[in-house]
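These notes are about the structure you will find just below.
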Amino acid sequence: MGAIDLPKSPNVFHPEKPSAVGSRNSLAQEYRDQQNEVNQLLEEETNKIIHHINSKLPKDVLERLDIMGGLKEKLYNYFNQNYQNMFNRYVVTTEDEMVKKVRNFIDKEETKVLSRYTPKEIADLLDAVGGADKFNTGEIEKSMVNMYGHLQGHIQRGVNDLENLTNSLLRQKTDTGAFIRGENAYSIVKCAFKDNIVKPKTVTDVKLSVNILDAELISPIFHYQVTVEYLIKDLLSKHIIDAIDKEIEKIKDERIDQGMEELSDGEIIFTKMGRIENYTEDDTENPKSRRYSIIGKNLMERISDLRAEIDPETFDALNIRENLKKIVDIENIRNRGFNTAINSITSILDTSKMGYQYIENLKNARELLIREYEDTDTANLPDERYQVRMRYYDNAQLQEERKAYDVQMKSFETEVAHLWDVLEVIYQGRKPAFKVTDFDDLAKKNRNQIRKDIKAKTGDPLYEDIAKVWDEISFVKPAETEVERMNRTYIYEKDKIRQKIILMRNRMKLMYDYQYPIERRVMEDRLAFLERDYNKFDYMINPYHIQPGLLLDVDITSIKRKKATLDAMANVLNEFLHGVSKGFQDAAFASFSRRRSTVREDINQSFADTPPEEVKASSAGGQAYLDMLNSGDAAATTQTPALEAPKRGRGRKSAGSAAAVKPRGARKARSSGGDSLKEL
């Protein structure tokens, strides 16, 4: 088939013309009826899901659920929209682009090799002389790779949308699992769904916080103010750890080759610790110390306290410290990680049709703020919107955040307690002098009678003499340990404040009923202010729950029946985490597959009551017999007598054992594997 026989695609865009860009029909498919194929596929997939629902749901639910009507039609429409309108058009376009690429490639090859006046040897010579940028198919290959890469991306997004829509259809509920699934679920610090204050019935607000630790970042992030000395020491530390890991791998391979047992997790850790002294030591003053084996002591002293910027008055391009800093800056070690995260989140938002009107990149502070709309007044914003705040925290920043969180929490406790005291004084002052209003009045009225009639007989102390440790608002708080002091959750304190706010509101209703004097209006305004700000504070992330690393804080507002922003942001978050995070790594679990856990003494699966010593000897004898067979000693095998079949349930030979089955009379006489070989 020559290049002329291949169909040439028209340079037009049309949904129906064969081989047009974006068309449903392709000349490359020839006689195939694409519509029938799609209908058959959609019908089959829809029936599978309907059958699955029929088999899983109870009968009484199926009777109330229109399986063959509305639900089947919805499933068919979802499959049709996502497969027909997205997948088929991209596949057709890809086929036509492939045809054009192949046609042009064949034209070039025929012109280069099959030309009458150009022998094949000259063409090969020109190809060799031209180099990597001439007389090659590299550009075509790159174009094909990019084409398939974009196709895969579109298909993946379509599949993700279909998955989210199908899950929401079956569950009829949106929860935390709709955002981050699989191996990245552990990174969620906080996820809260709550009704919107202005439109609680139709709009929901979502708070999602994801914490990616330093050890899980694919490209490490450093603060802009970090010193050059710190960066170089971090690189040296990673180099040392990598060298030790290579040595450990060699030790593992040697032990396996020698038939020894593999190192356990504890042995690996202690072996690594023991080899650290081969690369570094704590002697900082000795220039010949092993810590200066890669970079000398004089160079490390030159870059001491050297940060991202040098004073222009002291800058000299020929100094050693300036050139050392230039090497680090050229490698872009300082900014690489944070810039990679920014490029990742912005590109994913763009390709996912999640545009934004406001972005603020605080590079030196390692903070990024993205809002879908520039306005911050919720009264002027639509019901579908989002805000993303990404920031890198180190340990020092988290300590300061925790201090501020402690102070703010204490301030809320003080203000709520003050309002509680004011309300209590007014409540006590409004009670009539000789009238029972509450339980305290009733107990006070009968106090003397209780002392005379009950306590005098039993000898028990009076209620007023007993220390009251329960405030009747929250249960008694247990004493703090070092764990609680270092990781304060404030759950007890927050619940207490929340209960006080509820009790104060109820008491004001009980006190004033339908009256609204100035005292009630002032206290209600103060209570509403404290409750509003406290809810904002409770909605924030507790810095005690964050570890040093990248924090992604997402605020989403979405319509409950539409959930467009929720579904789109779920795909964005999963793609972003896949691009910047290595995920949680369990070293013990990862090494489990490499352990020879199936190598046991009872691997021959014999039902006989054989002592362990006899099993070991039998295994050694079986290995010798295998070595004899592998050496090609045919004489030994031909002289082996025919063995009688063993009794049922005894003397069973396994795949991992070479022990031969002995005759019935010789079973008791066998003492070792060597004796069985003599009999053979």
*Scan of the stretch 379-393 for residues that are of a type in the set (D, E, K, R) and not in a loop (DSSP other than H, G, I, E, B), ordered by number*: ARG385, ARG389, ARG391
*Taking only pairs six or more apart or across chains, which ones have beta-carbon atoms under 6 Å, a first residue in the stretch 327-351 that is under 13 Å from GLY579 (Cβ atoms), and a second residue that is at pLDDT 90 or above?*
ILE342/LEU368
*Only listed residue being at pLDDT 70 or above, out of contact with any Gly (no Cβ under 7 Å at 6 or more places or on another chain) and not aliphatic (A, V, I, L, M), chosen from TYR83, TYR78, TYR31*: TYR78
*Picking from ARG366, ARG385, which residue would you name as being in contact (Cβ under 8 Å) with a residue 12 or more places away in the chain and under 17 Å from LEU551 (Cβ atoms)?*
ARG366
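Restricting to the stretch 216-249, name every residue that is among the hydroxyl-bearing types (Ser, Thr, Tyr), within 28 Å of the chain's Cα centre (by Cα) and part of a helix (DSSP H, G or I). Before you say what the answer is, go through the steps one by one.
Filtering the stretch 216-249 for residues among the hydroxyl-bearing types (Ser, Thr, Tyr) gives 219, 224, 227, 230, 237.
Narrowing the set further to residues that are within 28 Å of the chain's Cα centre (by Cα) leaves 219, 224, 237.
Within the stretch 216-249, SER237 is the sole residue that qualifies.
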*Could you tell me which numbered condition VAL572 fails, if it satisfies all but one of (1) within 21 Å of ILE370 (Cβ to Cβ); (2) modelled with pLDDT under 90; (3) of a type outside the set (Ser, Thr, Tyr); (4) out of contact with any helix residue (DSSP H, G or I) (no Cβ under 8 Å at 6 or more places or on another chain)?*
(4)
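Would you call LYS238 without any contact (Cβ under 8 Å) to a residue 12 or more places away in the chain and closer than 27 Å to GLU322 by Cβ? Talk me through it step by step, then tell me what you get.
On the way: without any contact (Cβ under 8 Å) to a residue 12 or more places away in the chain: yes; closer than 27 Å to GLU322 by Cβ: yes.
Here the answer is yes, as LYS238 does meet what is asked.
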*Name the helices (runs of 4 or more DSSP H) wholly inside the stretch 408-489 in which the number of residues that are modelled with pLDDT of 85 or more and among the aliphatic types (A, V, I, L, M) is 1 or more.*
439-445, 447-450
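Can you tell me which residues in the stretch 332-372 are aromatic (Phe, Trp, Tyr) and either in a loop (DSSP other than H, G, I, E, B) or more than 24 Å from the chain's Cα centre (by Cα) (or both)? Please lay out each step first, then the result.
Of the residues in the stretch 332-372, the ones aromatic (Phe, Trp, Tyr) are 338, 356, 358.
If the condition is that a residue be aromatic (Phe, Trp, Tyr) and either in a loop (DSSP other than H, G, I, E, B) or more than 24 Å from the chain's Cα centre (by Cα) (or both), then TYR356, TYR358 are the ones that fit.
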*Inter-residue pairs, beta-carbon under 8 Å, first in the same structural domain as PHE584 (by TED's automatic domain parsing) and more than 16 Å from TYR386 (Cα to Cα) and in the stretch 188-209, second part of a loop (DSSP other than H, G, I, E, B) and aromatic (Phe, Trp, Tyr), 6+ apart*: ILE188/PHE179
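Quickly run through the stretch 195-215 and pick out the residues that are closer than 19 Å to GLN397 by Cα and either in contact with a helix residue (DSSP H, G or I) (Cβ under 8 Å, 6 or more places away or on another chain) or part of a strand (DSSP E or B) (or both). Give the derivation first.
Kept after step one, since they are closer than 19 Å to GLN397 by Cα, are these residues of the stretch 195-215: 209-215.
Scanning the stretch 195-215 gives SER209, VAL210, ASN211, ILE212, LEU213.
Report yes if ARG366 is over 30 Å from ILE155 (Cβ atoms) and in contact with a His (Cβ under 7 Å, 6 or more places away or on another chain), otherwise no. First the steps, then the outcome.
Working: over 30 Å from ILE155 (Cβ atoms): yes; in contact with a His (Cβ under 7 Å, 6 or more places away or on another chain): yes.
For ARG366, the condition - over 30 Å from ILE155 (Cβ atoms) and in contact with a His (Cβ under 7 Å, 6 or more places away or on another chain) - is met.
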*What is the one condition in (1) more than 28 Å from the chain's Cα centre (by Cα); (2) at negative phi that ASP305 does not satisfy?*
(2)
*Single unsatisfied condition, SER304 versus (1) within 15 Å of GLU229 (Cβ to Cβ); (2) surrounded by 12 or more Cβ atoms within 10 Å (Cβ to Cβ); (3) small (Gly, Ala, Ser)*: (2)
_For the stretch 397-416, which positions are in contact (Cβ under 8 Å) with a residue 40 or more places away in the chain and more than 20 Å from GLY549 (Cβ to Cβ)?_
ASP406, GLN408, MET409, PHE412, GLU413, GLU415, VAL416
*Verdict on LEU42 being in contact with a Phe, Trp or Tyr (Cβ under 8 Å, 6 or more places away or on another chain), at pLDDT 75 or above and not hydroxyl-bearing (Ser, Thr, Tyr)*: yes
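Just to be sure before I move on: is ILE320 without any contact (Cβ under 8 Å) to a residue 24 or more places away in the chain and farther than 30 Å from ILE251 by Cα in the structure I sent?
yes
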*Please indicate, with yes or no, whether at least one residue in the stretch 526-535 is in contact (Cβ under 8 Å) with a residue 60 or more places away in the chain, closer than 30 Å to ILE180 by Cβ and buried (at least 16 other Cβ atoms within 10 Å of the Cβ).*
yes
*Just one of (1) over 30 Å from ASP377 (Cα atoms); (2) of a type in the set (Asp, Glu); (3) at pLDDT 90 or above trips up ASP602, so point out which.*
(3)
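Answer yes or no as to whether VAL226 is of a type in the set (Val, Ile, Thr), out of contact with any Cys (no Cβ under 6 Å at 6 or more places or on another chain) and either without any contact (Cβ under 8 Å) to a residue 24 or more places away in the chain or surrounded by fewer than 18 Cβ atoms within 10 Å (Cβ to Cβ) (or both).
In short, yes.
Can you name the residue in the stretch 248-264 that is of a type outside the set (A, V, I, L, M, F, W, C) and surrounded by 13 or more Cβ atoms within 10 Å (Cβ to Cβ) and, of all such residues, is modelled with the lowest pLDDT?
Within the stretch 248-264, the subset of a type outside the set (A, V, I, L, M, F, W, C) is 249-250, 252-255, 257-259, 261-262, 264.
Keeping just the survivors that are surrounded by 13 or more Cβ atoms within 10 Å (Cβ to Cβ) gives 252, 255, 262.
Working: LYS252: 86, ARG255: 85, GLU262: 82.
This residue is GLU262.
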*Just one of LYS468, LYS455, LYS496 is surrounded by 14 or more Cβ atoms within 10 Å (Cβ to Cβ) and free of Cβ contacts under 8 Å to residues at least 12 places away in the same chain; which is it?*
LYS455
_I'd like the full set of residues that are surrounded by 11 or more Cβ atoms within 10 Å (Cβ to Cβ) and without any contact (Cβ under 8 Å) to a residue 40 or more places away in the chain, limited to the stretch 288-300._
SER289, ARG290, ARG291, TYR292, SER293, GLY296, LYS297, LEU299
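Restrict the check to the stretch 436-450 and report whether at least one residue is exposed (fewer than 10 other Cβ atoms within 10 Å of the Cβ), assigned by TED's automatic domain parsing to the domain that holds SER411 and among the aliphatic types (A, V, I, L, M). It would help to see each step written out before you state the result.
Taking the stretch 436-450 first, the residues exposed (fewer than 10 other Cβ atoms within 10 Å of the Cβ) are 439, 448-449.
Those still in the list that are assigned by TED's automatic domain parsing to the domain that holds SER411 too: 439, 448-449.
Next cut, among the aliphatic types (A, V, I, L, M) only: none.
Checked against the condition, which is being exposed (fewer than 10 other Cβ atoms within 10 Å of the Cβ), assigned by TED's automatic domain parsing to the domain that holds SER411 and among the aliphatic types (A, V, I, L, M), the stretch 436-450 yields no hits at all.
The values are calculated or read from the model by the stated rules, or taken from the named source; none is laboratory data. Keep in mind that what you see is a predicted model, and the values were worked out from it rather than measured. A quick note on method: Cβ atoms are made from the backbone with ideal geometry, for glycine too, and the neighbour counts reach across all protein chains shown.
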